[in-house]
Amino acid sequence: MKTFIAGGGLGDCVLILNKFRQLAAPGDKLAYYVAEKQSNSRGVIEEFWQSQKINYEIRMVPEIGTPLGHYDRAACKRLNPLIYGMGGIMVERWKFVFYPFDAFATPYLELESNPSPHKEKYFVVQSDAGTMKYRGHKNWLNTGWINEFISGARAAGLKCVLLGSKDVGIQGADHQHFNIPLKDLFGILGRAEFVLGLQGFITIIALLQQRRVLLKRENFRVIVNYFHPRWRRHGKIFSEPPDWPAAKTKALLQWALDGTKR
């Protein structure tokens, strides 16, 4: 049995799973490092590995850069969350780990999930996404334009499903699901016509499920490391200026609705 090691947050889990499924043999184990300052995410990270039936263990550490940089190379293989399979990435403040090539991530991934409870045609809007590892936040600057976007999509005959961890004031959704089990989340995303979302776990899942995704760009470096080239077919990256012009809402909505006609 070989032990694979990796580390990070919930978003990193998805691409680590991608690599683990490619490289691990039956019975191999994954040791996943979680920084102590992210201890509140341990439960959902464990839920992720359990939901996908992975032989795993969580290792809480002061920071993940050191154990990922110093390990028994004869007994372990290190995985990284980079689409391209190699590179240098900052995992903690002033801590860098160089990742030699492991595997190029596959563009799409089958996930263990529960059936969506929604049978009508619907789209998903993400309410929130927490904090950015490298800097600042990765949430919406305002919700006014999102309310208009929802209204326009509903006028086109689609229902709106709001997903996330909390209510941030987005209005017009037909259904709201906060902090639901991950297998339920995967099922809802898997049947969505399109997803309007933030940088992180939910949009990575949707892109891997071949959903059409409007992705708000928060950190260019993370986009470069995490955005698969094949996702350009069904992913649109946009920025959110403080003063949001109505024409931009219309353009994003049109791009999303064009995908429902295929």
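The values are calculated or read from the model by the stated rules, or taken from the named source; none is laboratory data. Please read these numbers as outputs of a predicted model, since none were measured by experiment. Reconstructed Cβ throughout: ideal geometry from the backbone, glycine too, with neighbour counts over all protein chains shown.
Can you pull out every residue in region 3-19 that is touching a strand residue (DSSP E or B) at 6+ places or on another chain (Cβ under 6 Å) and either among the hydrophobic types (A, V, I, L, M, F, W, C) or surrounded by fewer than 23 Cβ atoms within 10 Å (Cβ to Cβ) (or both)? The answer is T3, F4, I5, A6, I16. So, Q22, is that one buried (at least 19 other Cβ atoms within 10 Å of the Cβ), at negative phi, outside the structural domain of A192 (by TED's automatic domain parsing) and not hydrophobic (A, V, I, L, M, F, W, C) or not? Answer is no for this residue. Any residue that is more than 18 Å from I83 (Cα to Cα) and either touching a residue at least 60 places away in the same chain (Cβ under 8 Å) or β-branched (V, I, T) (or both) - is there at least one of those in region 220-231? Checked region 220-231: no residue is more than 18 Å from I83 (Cα to Cα) and either touching a residue at least 60 places away in the same chain (Cβ under 8 Å) or β-branched (V, I, T) (or both). Among the residues of region 176-193, the ones that are within 17 Å of G11 (Cβ to Cβ) and of a type in the set (S, T, N, Q) come to 1 in all.
The selection criterion, being over 16 Å from L162 (Cβ atoms), in the same structural domain as T249 (by TED's automatic domain parsing) and touching a Ser or Thr at 6+ places or on another chain (Cβ under 9 Å), does not hold for K216. All conditions but one from (1) surrounded by 15 or more Cβ atoms within 10 Å (Cβ to Cβ); (2) in contact with a strand residue (DSSP E or B) (Cβ under 8 Å, 6 or more places away or on another chain); (3) at pLDDT below 95 apply to S39; the one that does not is (1). Within region 220-250, the residues that satisfy the criterion of being assigned to a helix (DSSP H, G or I), at pLDDT 90 or above and under 23 Å from K19 (Cβ atoms) are P229, R230, W231, R232, R233.
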